[in-house]
Structures are given as structure tokens and as C-alpha cells.
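Take a look at the structure set out below.
The values are calculated or read from the model by the stated rules, or taken from the named source; none is laboratory data. What you see is a predicted model; the values in this text were computed from it and never measured. Here the Cβ is made from the backbone with ideal geometry for all residues, glycine too, and neighbour counts use every protein chain on show.
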Amino acid sequence: MNIKIPFFLALATAVLFAGCSPSQKKEVVVYTSVDQVYSEPLLKKFEKSTGIKVKAVYDVEASKTVGLAMRLEAEKDAPQADVFWNNEFLQTLRLDRLGLFAPISDAPARTLAEKVPQKFRCPSLRWVGLGGRARVFLVNTSLVPPDQFPRSLDSLLSPAISPEKTGMALPLFGTTATQAAALFALEGKDAATEFFSAVKKNGTRFLPGNSTVRDLVVSGELFWGLTDSDDAQGAIERGAPVAVVAPDQQTDGTFVVFGTVAPLKNSRHPEEAARLIEFLLSQENSLVDAGAFQWPLASPSCPMFPDGLKTWDVAPEKILDQYQESSRLMREMFVP
């Protein structure tokens, strides 16, 4: 008996500590489609400053945001993630309509979220926008004089140079598909369809992606092209002979794609999720400095356009409403 008692006491103590230490350590699970090269350093900074362990699930390049969105939808009744940190907004809005997200309830996080303009956040703060990227023209200044710079999306219909020397990404995926849906919401189905049909007929080159457009402008194979401002910024930082033009500043403005962050409903770590969301909302400049976005949405100005940037006045929800139909029509138009 004298031998067994210490043994059982030791065993009980071991079980007690085994049950308390790892399971009680604070952690948060985040699904993110923000490129790992940008998001991982920020998440590590959060870990270091808070002591909260971050378990991150990054997107697979082939499926991008869609893959993570499908996973979140499949896990709706038993969410494995606490936070969805997205590099765009349409999939976030779609999941919100399915009831996946909860309002941001943490006071410090709500205060930061409410600083974001209303057109870039959910009224009840189930999701909120982070950094913005603009859909801009990148122009090779060695080939195009300033008086021939494109100033409007209509420049794609009647450019001052040969149409085959202009380009944009196929409007089948990514930010170009989002912009197509936004144009449907802004101008109407008939006008938007006619626009893309006319651009195609005019001879503008449709390319695999925005980075391809950028690279061909930099090389001079294209004189100018429509791309994202983060791709354009990359060319500028490498010293390429290029200029950036925000289209339609005298009319409808320029279309902006923005990232989002949202807390999952019934998540396992709601307090830690609130801390992470607060951190991301307060650390937007880190993403801007890294090149993932061009400006924090809560900021009144965009460094790339210090004189101001007029943006499309179209609600994100209306863009989502048009996405399925616009995608169908774009496939009919551009898929052989």
C-alpha cells in the first residue's frame, strides 16, 4: 500500500497537468486567402505580441479564395475556423448570406471597424473591409506620350494606338471577374455585356491574369493595360518605365477591390478571434507596406493617388447579386 499510493498520486498529478496545459493554451484558427508571403509575418507578429497561438490555413494557389470558402461552407454546422481573412469581398458576402459570420462584438475591434467607410463594411459588422486595391491602367511611358494615356474604360473601345497593343485579364476569374460583375451592377446587364463584346471585337488582347498584363506592359509588348494597383506598384518599385492612371475620375470613378475580415459564428475561440480582428484592423499599414494592398480603407487618401481617388458608388451586395449572371455571360463570350 505504501508503494502504490505515491504511484497513484503521481499518476493523478500527471493526468491533471496533461489535461490543463496544452488544451488551455490560447489559440485562434484563421483561414486566409491573403498571400502567405504577406499574411504569415503579420500573424507571427500577432503571436509574439499577444501570446496567442495562430493556426493558419492558407489558400491553395489553384483554387484561391473559392477553395477556402467551400471549406467554410462545408464546416458551417461545426466551424473549425475562428476568423476568415479574405483578400477580396465577394466570397465573404456569399458566406455571410449563408449565415456563417457573427457581428464583431469586441468594443476595441468595433471601434476600429466603424472607422471604415460604410460602403466597405457590413452594417452590423459581420465583416469589415481592410486594404483596398484599385483597377488601374498601367502605361509604358517609353511608348505612350502623356496626351495619349488612357483616361477611361472606354479607351478600350477606341484607343489612340492599335488595339492589339492594349490588354486586360480575361473576365473569368479574380479581380477582373469581380469588376465585370460590378459593371453589371453599375451600368446594367445589357450595357455591360455590350461593353465587353465591343472590347473583344475591337481587338484588345485578353490575357491569363493581371500580372501577365503588367509584365507585357513593362516589356513593351503592350503599350498599356488594365490591371490591379498592387501589380502596378510592383512594376514601379522595380524601376520600370511605367505610369499608373486611375480611370474615369471625371465620371463614375475607379473600381476598388478590397480585402475583408470576419468572425465565424459559434467559433471555438471567440475571444482570441476578437483579438486577432482588432490586431488586423489596427495593422493595415503593415499590409500596405508589404505591397498586398495600396491603402487602408479607413484612411482618407491613397498614397498612389495623393490628389484623391474617386471610386465607384455601387454596393458590394449588388455586385454579388450580379456575379452569377455576369460570370455566365462572360464564359459564353470568352470560353471557346
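Residue-wise test of (1) modelled with pLDDT of 95 or more; (2) in contact with a strand residue (DSSP E or B) (Cβ under 9 Å, 6 or more places away or on another chain); (3) under 11 Å from F223 (Cα atoms); (4) surrounded by fewer than 20 Cβ atoms within 10 Å (Cβ to Cβ).
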residue: Q118; (1), (2), (3), (4): no, no, no, yes
residue: G132; (1), (2), (3), (4): no, yes, no, no
residue: N140; (1), (2), (3), (4): yes, yes, yes, no
residue: L143; (1), (2), (3), (4): yes, yes, yes, yes
residue: D147; (1), (2), (3), (4): no, no, no, yes
residue: I161; (1), (2), (3), (4): no, yes, yes, yes
residue: G167; (1), (2), (3), (4): yes, yes, yes, no
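Quick check on L186: is it over 25 Å from the mean Cα position of the chain (by Cα), outside the structural domain of D96 (by TED's automatic domain parsing), under 19 Å from D248 (Cβ atoms) and aliphatic (A, V, I, L, M)? It is false that L186 is over 25 Å from the mean Cα position of the chain (by Cα), outside the structural domain of D96 (by TED's automatic domain parsing), under 19 Å from D248 (Cβ atoms) and aliphatic (A, V, I, L, M).
In the stretch 187-209, which residue that is over 24 Å from R133 (Cβ atoms) and of a type in the set (S, T, Y) is surrounded by the fewest Cβ atoms within 10 Å (Cβ to Cβ)? For the stretch 187-209, the residue satisfying everything is S197. Comparison of L183, L100 shows that the only residue that is under 30 Å from V218 (Cα atoms) and either in contact (Cβ under 8 Å) with a residue 12 or more places away in the chain or surrounded by 15 or more Cβ atoms within 10 Å (Cβ to Cβ) (or both) is L183.
Among the residues of the stretch 88-132, those that are out of contact with any helix residue (DSSP H, G or I) (no Cβ under 9 Å at 6 or more places or on another chain) and of a type in the set (D, E) comprise D96, E114. Of all residues in the stretch 100-137, those satisfying the criterion of being polar (S, T, N, Q) and more than 18 Å from L276 (Cα to Cα) are Q118, S124.
Residue-level check: of (1) under 27 Å from R151 (Cβ atoms); (2) not in a strand (DSSP E or B), V257 misses just (2). Here L157 meets the list (1) closer than 29 Å to P241 by Cα; (2) at pLDDT below 95; (3) in contact with an Asp or Glu (Cβ under 9 Å, 6 or more places away or on another chain) almost entirely, failing just condition (3).
To keep it simple, each residue is scored yes or no on (1) surrounded by 20 or more Cβ atoms within 10 Å (Cβ to Cβ); (2) without any contact (Cβ under 8 Å) to a residue 60 or more places away in the chain; (3) not assigned by TED's automatic domain parsing to the domain that holds A185.
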{"site": "S211", "(1), (2), (3)": "no, yes, no"}
{"site": "W224", "(1), (2), (3)": "yes, no, no"}
{"site": "T227", "(1), (2), (3)": "yes, no, no"}
{"site": "P241", "(1), (2), (3)": "no, no, no"}
{"site": "D248", "(1), (2), (3)": "no, no, no"}
{"site": "K265", "(1), (2), (3)": "no, no, yes"}
{"site": "R268", "(1), (2), (3)": "no, no, yes"}
{"site": "A274", "(1), (2), (3)": "yes, no, yes"}
{"site": "L280", "(1), (2), (3)": "yes, no, yes"}
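Within the stretch 282-291, the set of residues being modelled with pLDDT of 75 or more and buried (at least 20 other Cβ atoms within 10 Å of the Cβ) comprises L287, V288. Going residue by residue through the stretch 123-131, is there one that turns out to be farther than 29 Å from S211 by Cα, of a type in the set (S, T, Y) and touching a Pro at 6+ places or on another chain (Cβ under 6 Å)? The answer is yes; a qualifying residue exists. Does E61 qualify as being at pLDDT 85 or above, assigned by TED's automatic domain parsing to the domain that holds S267 and among the acidic types (D, E)? For E61, the condition - at pLDDT 85 or above, assigned by TED's automatic domain parsing to the domain that holds S267 and among the acidic types (D, E) - is not met.
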